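We did not get these values from a lab; they are worked out from the coordinates using the rules stated. Model, not experiment: these values are computed from the prediction. Counting neighbours? That spans all protein chains shown, and the Cβs are built from the backbone with ideal geometry, glycine included.
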Amino acid sequence: MRLPLNPGQFVTVAGSPGVVIGTYNDPAIPQDHLAVWFGEITASGDPRVKTVPEEDVTPLEKPAEYYH
C-alpha cells in the first residue's frame, strides 16, 4: 500500500523534482491527481502549478538540501 502524499512534500514526476501543493480534496484538482509545483512561474510572476495523476508521483527518496 502506498502512503498518501501531502502538501509540502518533495516528489519527482518523470525524474523532475517538484513540491506537492494540493490534493484531489480540493475541488479544483481532478480525482486521483495531485497539484505539483516545479518552480515555474507565469509572465506576471504567479506560480504555475501542474496537476498530475497520483500514480505518476514518487516521494523524493532523499531529504531536501538546505542552504543559506
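All distinct Cα pairs of the chain go into the 1/r average, and the inverse of that average, the Kirkwood radius, is 12.6 Å.
The label point for Y67 and the one for D26, both projected 7 Å from the Cα toward the Cβ, are 2.8 nm apart.
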